[in-house]
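Trainee: Sending over a structure as structure tokens; questions will come in a sec.
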Amino acid sequence: MFYVTMLFQYMSQYMKTRLQYRTDILVEFFSDLLSQSVNLIFILVVFGHTDLLGGWTRDEIIFIYGFFLVPYAVFSAFFNIWDFNDRYIVKGELDRILTRPIHSLFQIILERLELEGLLGAITGIAVMIYAGSRMGLTLSWYDPFLFIIFVIGGALVYGGIFIILACISFWADARTSIMPMMYNISNYGRYPINIYNKIIRFVLTWILPFAFVGVYPASYFLGRHELLFYSLITPLIGVVFFTLSILLWNQGVKRYRGAGN
Amino acid sequence: MDKYLEMIRIRFLMMLAYRTNYYTGILIYSINIGAYYFLWSAIYGGKEQIQGLSIAQMTTYVAISWMARAFYFNNLDREMAVEIMDGRVAVELIRPYNYLVMKMMQALGEGIFRLFLFSVPGLVIVYFIFPIHLTWDIAVWGLFAISILLSFFINTQINLLTGITTFFLFNNSGLIRAKRVIIDLFSGLILPISFFPVWAQNVMNYLPFQGISYIPSMIFTKGFTAQHAVYAIGQQFIWILILIVPIQLLWNLAKKQMVIQGG
Amino acid sequence: MSNAIEVKNLRKEFKVYSSRKGLKGAFRDLFTRNEKIIPAVNDINFMVKQGEMVGYIGENGAGKSTTIKMLTGILTPTSGHIVVNGMNPHKDREKFVQTIGVVFGQRSQLWWDIAVQESFRLLKKVYKVSDEQYDNHMNHVIKTLDIEPLLDKPVRKLSLGQRMRCELAAALIHNPPLLFLDEPTIGLDVLVKLKIREFLKEINEKYQTTILLTTHDLSDIEALCERVIMLDEGKVIYDGALHHLKETWGEGKEVHFQFLETVDLQSVKAATAGLPVKWEHDEKEQVFIAYIEDQDELISQLIAQIVAAYKIKDLNIHETSTEEIIRNIYEKGEVRLG
């Protein structure tokens, strides 16, 4: 309960500061929109030369992409820890965090909120509606609830992986550039998993389970029931990875050696 | 000249200190190339050729584009933005060298480093994993070498340009991000320019971006004839010259602005 | 209340990687690195009673900050035993930090972009302080530190002295029984320093707040602390009363001379040859300082010989300053006092 109140405290604080720089939000929104449309353009251009991609139609691929954007938006709003190493380890800001009576990771999440990231969810839903209506998809009463559960699951998968990456900083003292590059890998969860070979399929399912951010949960709504099992374990995978990442974090904090001197 | 060479050397040594970047970097680029390889295999399906490129050429194209990216890519714009925003640039300006040239030399040091410790070993690793066709034609390698050097300059110039805008925009991180996305798409890294609809190709002909990735990669995969390759390199060279103009203009404006505002 | 801090055989080791020389060395570093283990804090022991104000001093790299970071739960010790406020700092971190306040002179606790009072409000929630407690306690703190007019300004617009006072107030929002201050007066002007010292004394008297203070500025310690713990190369080399340190080590006196004529160190030395005296020349102040044993006979002899040789503008006799004492101690190594 305390943590929920703190979340709202920080959110309101965040709004106050952000509203001072309204143009920034706008610029950021447009650059987000741009990078999202690049991926759409890729899909569109590619389908100018083929009708099916591993047995999936253009609209299905677009739908998966639209779905992917939603958990990604949630992730980018709450897990803005790209620069964890620079900001908190090298500059020693973690010292300050550790002298306060809230879980250190939670504090960092609160401090680094980027709520405007949530705007990407709107884009994603719009893309899904566009592709879904072209395919004539219908919804059951429970589909919106499943959608929310899948989105949370996907965001937890994403968050878990990136927290684990951030934890590397506790062990390796060199700066790592894994984080921005991991972003590239994460993108592959939005294509049908069957186009990859066995090893990569395995990696995307069990090691870096980005398939649970996009293709697995999305295929449930596309009625692709051959992947039903994977669709349904999305929330489970999310919880498992997130829990793992927090355990690792707690170990890492003990190894923290502080900056300077 | 000495001081610029020294800067390359220092940067080189600095990069060595961050060695874990390279182990992970090669791994991740390889995974990236792999994923694109599968994507393209699915796209090709049973087709022999799309837009004059066979699947083998396409795989080579993807691999070489990414490995070349390891060389030309840098975060100069972001570094400049930081230096400008926290005022360090004022100190840089009183030093006896040209700030922009110095930045470019730093980037070159970084690039050369990554060429040897990232691109080359990366390419060797990727060669053993994916069906890539490396040519033994010396002329192709020569043209390719010239071409990626030029693509480094074009990319770095665009980064300088983006970096300088920090003087005029309060916060240009959005612009920096947008630039990166545009370069990934329009440079031909994500997909060859020849795949785009004709009207889009025509527009891109008037933009510098294809000089960053498309031209060197097409030379390497022999997607271009020798004649076409020489012509394309000429194009790259002209873009480098053209890009000097806006950089110089914006830089002069920026310096003026700094004098007025006191940094 | 008994002991606020208990430290037994505390040790913290860091791995340090050294890089090899030159390009070739750098390439070798790519694969293996030279690794060395350095004890930053080397088996130290001490206790601090509730309500004490203790100065924790030492040169750069002596292990001050590392100790403070272990005491505040930021770093995990390599070995040894720490109990602070009855708890193990890094074990129950979140519960533990509720009972301490920390000020790092070189690092801000406040949020840069928002007004000071917004930061306070947020911290009030973070530390679960009730409105009543907050009003009772903070109104007083705000008044004493004179930061009322700063409350609606964003932190980035404050001067260093203003910010430091706000930092101090922020560290006290939950009225902790133990306060850690790491270089709290670094870079501040004298007036702000005085204000902060006064304030610290006051809360120490009022709430029996234990204060552990590290500083480069020995005048802080002289003004505040009865007791000092001195660190060198990760070891405690002195732990005891400040005046005791002075009595034992400050056995000498300093006689400061200013001359009407130009004099050099060489000739001054020549003039007092035969006396057990050490000369120094402070060029900035144009003062010649004679260090001499505290014996009236000797001192008057010294003065007599100098006056006989030169025309004098000014003359002062000082106790050896704490700084001088500490410099002496560091030069001579470990102190063995009772």
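Each reported figure results from applying straightforward, stated rules to the coordinates on display, with no laboratory input. Here the structure is a predicted model, which is why all the values come from computation and not from measurement. Note: ideal-geometry Cβ built from the backbone for every residue, glycine included; neighbour counts use all protein chains shown.
Trainee: Along its three principal axes, how long is region B:165-212 when you only count alpha carbons? Whole Å, largest extent first please.
Mentor: Largest to smallest, the principal-axis extents are 38, 19, 16 Å.
Trainee: Please identify the chymotrypsin sites (Phe, Trp or Tyr not before Pro) of region B:167-232 that satisfy two criteria: DSSP loop assignment and at most 16 other Cβ atoms within 10 Å. Which are they? Please report the intermediate quantities before stating the final value.
Mentor: On the way: sites: B:Phe167, B:Phe168, B:Phe170, B:Phe186, B:Phe195, B:Trp199, B:Tyr206, B:Phe209, B:Tyr214, B:Phe220, B:Phe224, B:Tyr231; in loops: B:Phe168, B:Phe170, B:Tyr206, B:Phe224.
The qualifying sites are B:Phe168, B:Phe170, B:Tyr206.
Trainee: A follow-up question, please. Normalising by the residue count of chain A, find the relative contact order in percent from Cα pairs under 8 Å and 6+ residues apart. Intermediate results must be reported in sequence, preceding the final value.
Mentor: On the way: 293 pairs, mean separation 65.8, N = 261.
Relative contact order, chain A: 25 percent.
Trainee: Using Cα pairs closer than 8 Å and at least 6 residues apart in sequence, work out the relative contact order for chain C, in percent. Walk me through the numbers before you get to the answer.
Mentor: Numbers: 575 pairs, mean separation 60.8, N = 338.
Averaging sequence separation for qualifying contacts and normalising by length gives 18 percent for chain C.
Trainee: Quick one: if the Förster radius is 25 Å, what FRET efficiency do C:Val307 and C:Lys269 give, using the C-beta to C-beta distance and rounding to 0.05? Display every interim value, and only then the final one.
Mentor: On the way: r = 16 Å, r/R0 = 0.65.
Once rounded, the FRET efficiency stands at 0.95.
Trainee: Report, please, the projected area of region A:91-207 averaged over directions, based on the convex hull of its C-alpha atoms, in nm².
Mentor: Numbers: hull surface 42.7 nm².
Its Cα hull, projected and averaged over all orientations, spans 10.7 nm².
Trainee: Averaged over its residues, how many other protein chain Cβ atoms are within 10 Å of peptide A:187-200's Cβ atoms? Write down the numbers at each step before the final one.
Mentor: On the way: counts 2, 7, 0, 0, 4, 2, 0, 2, 7, 7, 4, 0, 1, 5.
Taking all residues of A:187-200 together, the mean is 3.
Trainee: A further question on this structure: At 7 Å along Cα-to-Cβ for each site, give me the label-to-label distance between C:Glu148 and C:Ala241 in nm.
Mentor: Result for the modelled spin labels: 4.1 nm.
Trainee: How high is the FRET efficiency between C:Ser18 and C:Lys206 when r is their beta carbon distance and R₀ equals 41 Å, given to the nearest 0.05? Show your work: numbers first, answer last.
Mentor: Values: r = 50 Å, r/R0 = 1.21.
According to the calculation, E is roughly 0.25.
Trainee: Follow-up. Enter the angle in degrees (range 0 to 90, nearest 10) between the Cα long axis of helix B:2-17 and the first principal axis of the Cα atoms of chain B, meaning the one along which they spread out most.
Mentor: With both axes taken from Cα atoms, the answer is about 60 degrees.
Trainee: For every helix of n ≥ 4 consecutive DSSP H residues, a contribution of -39,500 (n - 2.57) applies; sum these over chain B, divide by its total residues, and give [θ] at 222 nm rounded to the nearest 500 deg cm²/dmol. Display every interim value, and only then the final one.
Mentor: Working: 12 runs with 192 residues, N = 263.
Theoretical 222 nm ellipticity from helices: -24000 deg cm²/dmol.
Trainee: Name the residue, out of C:Thr214, C:Thr72, C:Thr144, whose mean-square fluctuation peaks in a Gaussian network model built on chain C with Cα pairs under 10 Å.
Mentor: Result: C:Thr144 has the largest fluctuation of those listed.
Trainee: Could you tell me the ratio Rg/Rh of chain B? Both radii from Cα atoms, Rh via Kirkwood. Mind dumping the intermediate values first?
Mentor: On the way: Rg = 19.2 Å, Rh = 19.5 Å.
Radius of gyration over Kirkwood radius for chain B works out to 0.99.
Trainee: Go ahead and set up a Gaussian network model of chain A, Cα springs under 10 Å, then flag whichever of A:Phe42, A:Phe202, A:Phe84 fluctuates most.
Mentor: Result for chain A, Cα springs under 10 Å: A:Phe42 fluctuates most.
Trainee: Per DSSP H run of at least 4 residues, take -39500 (n - 2.57); add these up for chain C, divide by its residues and hand me the 222 nm value, nearest 500 deg cm²/dmol. Show your work: numbers first, answer last.
Mentor: On the way: 12 runs with 124 residues, N = 338.
So the calculated ellipticity at 222 nm is -11000 deg cm²/dmol.
Trainee: Another question, then. Using a Gaussian network for chain C with springs between C-alpha atoms less than 10 Å apart, which of these wobbles most: C:Lys311, C:Lys91, C:Lys128?
Mentor: In the Gaussian network model the winner is C:Lys311.
Trainee: For the protein assembly as shown, state the average projected area of the convex hull of the C-alpha atoms over all orientations, rounded to one decimal in nm². Before the final figure, lay out each step's value.
Mentor: Numbers: hull surface 177.2 nm².
That works out to 44.3 nm².
Trainee: Please compare each pair in C:Lys49/C:Lys246; A:Lys254/C:Lys15; C:Lys153/C:Lys195 to a cut-off of 19 Å on the Cα-Cα distance and tell me which ones are over it.
Mentor: Working: C:Lys49/C:Lys246 22 Å; A:Lys254/C:Lys15 15 Å; C:Lys153/C:Lys195 21 Å.
Going by Cα-Cα distance, C:Lys49/C:Lys246; C:Lys153/C:Lys195 fall outside the 19 Å limit.
Trainee: With θ taken as phi - 60° and the coefficients 6.51, -1.76 and 1.60, list the Karplus ³J(HN,Hα) couplings across region A:114-125 in order, rounded to whole Hz; mark glycine and proline as x.
Mentor: Values, residue by residue: 9, 4, 5, x, 4, 4, x, 5, 5, 4, x, 5 Hz.
Trainee: Here's a follow-up. Can you list residues whose amide H is under 5 Å from C:Cys225's amide H, if they're 5+ apart or on another chain and H is modeled 1.01 Å from N?
Mentor: Residues meeting the amide H criterion: none.
Trainee: In degrees between 0 and 90, to the nearest 10, how far off the longest principal axis of chain A does helix A:143-171 point, with axes built from Cα atoms?
Mentor: Taking the Cα atoms of chain A, the angle to A:143-171 is about 40 degrees.
Trainee: Between B:Leu134 and A:Ile149, what is the label-to-label distance in nm when each label sits 7 Å out along the Cα-to-Cβ direction?
Mentor: Result: 5.2 nm between the two label points.
Trainee: Additional query: When only Cα pairs under 8 Å and 6 or more residues apart are kept, what is the percent relative contact order across chain B?
Mentor: Values: 274 pairs, mean separation 70.5, N = 263.
Worked out over chain B, it gives 27 percent.
Trainee: Rounded, prolate or oblate: which one fits chain A, using the alpha carbon gyration tensor with axes a ≥ b ≥ c (rounded when a/c is under 1.5, else prolate when a/b beats b/c, else oblate)? Numbers along the way, then the final one.
Mentor: On the way: a/c = 1.88, a/b = 1.60, b/c = 1.17.
It is prolate, given that a/c is not under 1.5 and a/b is the larger ratio.
Trainee: From the square roots a ≥ b ≥ c of the eigenvalues of the alpha-carbon gyration tensor of region C:3-246, which class results: rounded (a/c under 1.5), prolate (a/b over b/c), or oblate? Before the final figure, lay out the partial values.
Mentor: Working: a/c = 1.76, a/b = 1.44, b/c = 1.22.
Taking the square roots of the gyration eigenvalues as a ≥ b ≥ c, region C:3-246 is prolate.
Trainee: A further question follows. Please determine, in degrees from 0 to 90 and to the nearest 10, the orientation of helix B:76-85 with respect to the longest principal axis defined by the Cα atoms of chain B, where the helix direction is its Cα long axis.
Mentor: Orientation of helix B:76-85: about 20 degrees from the principal axis.
Trainee: Another question, then. Quote to one decimal, in nm, the extra length available between C:Gln295 and C:Trp279 on full extension: 0.36 nm per residue of separation minus the C-alpha distance between them. Write down the numbers at each step before the final one.
Mentor: Numbers: separation 16, 0.36 × 16 = 5.76 nm, distance 1.70 nm.
So the extension gain works out to 4.1 nm.
Trainee: Kindly state, as a whole number, the per residue volume in cubic angstrom of the convex hull around the alpha carbon atoms of region C:252-319. Write down the numbers at each step before the final one.
Mentor: Numbers: hull volume 5.2 nm³, N = 68.
Output value, Cα hull per residue: 76 Å³.
Trainee: Sticking with this structure for a sec: Do any of C:Lys12/C:Lys95; C:Lys8/C:Lys69; C:Lys253/C:Lys278 go past 21 Å between their Cα atoms, and which? Please list the in-between numbers first.
Mentor: Values: C:Lys12/C:Lys95 23 Å; C:Lys8/C:Lys69 16 Å; C:Lys253/C:Lys278 11 Å.
Flagged as over cut-off: C:Lys12/C:Lys95.
Trainee: For the pair C:Trp112 and A:Leu115, what calculated FRET efficiency results from E = 1/(1 + (r/R0)^6), where r is the Cβ-Cβ distance and R0 = 22 Å, to the nearest 0.05?
Mentor: Details: r = 18 Å, r/R0 = 0.84.
For R0 = 22 Å, the calculated efficiency reads 0.75.
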